[in-house]
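Data block below; observations after.
The values are calculated or read from the model by the stated rules, or taken from the named source; none is laboratory data. What you are looking at is a predicted structure, and each value in this text was computed from that prediction instead of being measured. Quick reminder, even Gly has a Cβ in these numbers, built from the backbone with ideal geometry, and neighbours come from all protein chains shown.
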Amino acid sequence: MKKTLLLFSFIFLLLTSSVKAQLINPGFETWTNDMLVPTAMNPNSGNDTYGWWDFNYFNSSFLGSSPVSVSRSSDTVHGGNYSVRVETKVYTPTSWNMYRYWGIPYIGHEYNDTLGILFDGKVNVTNQTFKPGIACTQHLTQFKFFYQYRPNGNDTAECRVALLSSGSLVAGGVFKTGAATGSAGWQQAVVNFTYINNLTPDTLYILYSSSSLDYKPKAGSVLWIDDASVSFTTGVEEFMAEDQRMVFPNPSNGSFSVRNNSKEMQTVEVFNVIGEMIYSSRNSQSVKHIDISEAPKGIYFVRILTGGNQHTEKIVVR
């Protein structure tokens, strides 16, 4: 018996690109003095700006006199002049009562009173408001960064990322490690995004922690971070099925046909490897002839939309 669709999960294309344009201050080279704590610096462009933020301003006597947990490092760097050093410290009850609820958007529960964290977003320290996340409208595949870790005992460093659309989760991923890097030096961490829907994202959340966020963080754990980047897809999704090929011949000289097994209205789109659409048509023909022979030789992706179904095939033009 002929099997119908076997796998409903999609696989993202292997052809991805690393870019840093999505991130703000990805190499942690920009630092400004904290307006409430003159002795502290933060990896952003100043109060009420988007960038990397921490809880250093809780060192102010007005906000609880907690210790500075994030600092600029110049002696341990992966690239450029600086990296960021995050150390887990015990905060005072006063400051914890102020920031504990800020963990809910990131980790789903209140923060512990012992932590060392760094997150992206915009903070206004004068009125104690924050907006986690930065603008991102692309479907990312990975978040990467370089790190060194010195845990206290069996503590665990974490990095959590999430893509949201109007507050709804689109994709997310987590990196955790309890291993001390020691003499091995800088290591690269890779966080893969797992998608739960096809919504277009609008916000990218990134959260680093030098200790476990869910269990018992231990004061004294230190995480160094540098050179963050993201990878994104070409924008084409490939669905695997056991149905017969709908695109033929393959390879071709740029002239090929697309079969319509359903006889319903069908949209055919052709993308190049960087996700640019170079052809689109809508028809109900049983066999649609397509000619992209004027396009450069190489790999293309044919996406076929019929009703609520989607099918993508790779075709080689030579």
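Give me the residue from region 135-163 that is among the aliphatic types (A, V, I, L, M) and over 11 Å from the mean Cα position of the chain (by Cα) and, out of that set, surrounded by the most Cβ atoms within 10 Å (Cβ to Cβ).
Per the stated criteria, the residue is Ala157.
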Out of the strands (runs of 3 or more DSSP E) lying entirely within region 253-318, which hold 1 or more residues that are over 27 Å from His139 (Cα atoms), free of Cβ contacts under 8 Å to residues at least 40 places away in the same chain and of a type in the set (Val, Ile, Thr)? 287-291
Of all residues in region 16-61, how many are at pLDDT 85 or above and either of a type in the set (A, V, I, L, M, F, W, C) or within 18 Å of Thr88 (Cβ to Cβ) (or both)? 16
Regarding region 51-69, can at least one residue be identified that is surrounded by fewer than 20 Cβ atoms within 10 Å (Cβ to Cβ), in contact (Cβ under 8 Å) with a residue 12 or more places away in the chain and closer than 19 Å to Pro132 by Cα? no
Of all residues making up region 99-146, the number that are outside any strand (DSSP E or B), on the phi > 0 side of the Ramachandran plot and of a type outside the set (S, T, N, Q): 2
So which residues in region 174-209 are surrounded by 13 or more Cβ atoms within 10 Å (Cβ to Cβ) and on the phi > 0 side of the Ramachandran plot? none
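Matching residues to (1) of a type in the set (Phe, Trp, Tyr); (2) under 22 Å from the mean Cα position of the chain (by Cα):
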{"position": "Pro43", "(1), (2)": "no, yes"}
{"position": "Thr49", "(1), (2)": "no, yes"}
{"position": "Phe58", "(1), (2)": "yes, no"}
{"position": "Leu63", "(1), (2)": "no, no"}
{"position": "Ser66", "(1), (2)": "no, no"}
{"position": "Ser83", "(1), (2)": "no, yes"}
